[in-house]
1. GluC sites (Glu not before Pro), restricted to the stretch 1-81: which are DSSP loop and have at most 11 other Cβ atoms within 10 Å?
2. Expressed as a whole percentage, what fraction of the accessible surface of the chain belongs to carbon and sulfur atoms when a 1.4 Å probe is rolled over the protein heavy atoms?
3. Within the stretch 1-72, report the trypsin sites (Lys or Arg not before Pro) that DSSP leaves as loop and that have at most 13 other Cβ atoms within 10 Å.
4. Toward the positive end of the charge dipole of the chain, about the Cα centre and with charges on Cβ (Lys, Arg +1; Asp, Glu -1), which of Phe44, Gly60, Ser29 goes farthest?
5. Give me D for the stretch 10-80 in µm² s⁻¹, whole number, from Stokes-Einstein with Rh from the Kirkwood sum over alpha-carbon pairs, 37 °C and 0.692 mPa s.
6. Given +1 on the Cβ of Lys and Arg, -1 on the Cβ of Asp and Glu, and no further charges, what dipole in debye does the stretch 10-80 carry about its Cα centre, rounded to the nearest 20?
7. Count the net charge of all other residues whose Cβ sits under 14 Å from the Cβ of His10, scoring Lys and Arg as +1 and Asp and Glu as -1.
8. State, to one decimal in nm, how far the label point of Arg81 lies from the label point of Ile16, with both points 7 Å from Cα in the Cβ direction.
Amino acid sequence: MERARPATPHLYLAAIGTLPGARGRGLASALLERRLSAAGQDGFLISNTRGTVPFYARFGFEPQGELPIGRGPVVYPMIRRK
Ligand SMILES: CC(C)(COP(=O)(O)OP(=O)(O)OC[C@H]1O[C@@H](n2cnc3c(N)ncnc32)[C@H](O)[C@@H]1OP(=O)(O)O)[C@@H](O)C(=O)NCCC(=O)NCCS
């Protein structure tokens, strides 16, 4: 993860989740838009699944390849340049 993240100061988005019954109503998008509009610096996140990569790409995050975690899962680092 340290190798994948930007070398310069940046916003790190640690986690986001919407309860299953409330998904698809724009809640996560609204949170991301609010946080990113106030960021003023590059953004970095790690998508837990390939499936959410297109969701983050909507907000300008660019895929940085795959990051295997030892014998664990493969995760997907993404960077958004301000
Ligand atoms: C990803 C997540 C936070 C989106 O929350 P949400 O409040 O439903 O998001 P929004 O309503 O703002 O946007 C939903 C849009 O993203 C798309 N999307 C969300 N997750 C997706 C996925 N896994 N694969 C493909 N598209 C996805 C939806 O199709 C929808 O598209 P639409 O606007 O064209 O209908 C929610 O699905 C969730 O909590 N998932 C489980 C936890 C998780 O995976 N967190 C991210 C870890 S990296």
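1. Within the stretch 1-81, the qualifying GluC sites (Glu not before Pro) (loop, at most 11 other Cβ atoms within 10 Å) are Glu2, Glu66.
2. 53
3. For trypsin sites (Lys or Arg not before Pro) across the stretch 1-72 that sit outside H, G, I, E and B with at most 13 neighbouring Cβ atoms in 10 Å, the list reads Arg3, Arg23, Arg25, Arg58, Arg71.
4. With unit charges placed on the Cβ atoms, the residue in question is Ser29.
5. 255
6. In total the dipole reaches around 260 debye.
7. Value of the local net charge: +2.
8. Between Arg81 and Ile16, the simple spin-label model gives 2.1 nm.
The values are calculated or read from the model by the stated rules, or taken from the named source; none is laboratory data. Since this is a predicted model, take the numbers as computed values, not measurements. In this analysis, Cβ positions are derived from the backbone assuming ideal geometry, glycine residues included, and neighbour counts consider all displayed protein chains. Accessible surface is based on the protein model in full, side chains and every heavy atom, while ligands, DNA and RNA are left aside. Shrake-Rupley method; radii C 1.70, N 1.55, O 1.52, S 1.80 Å.
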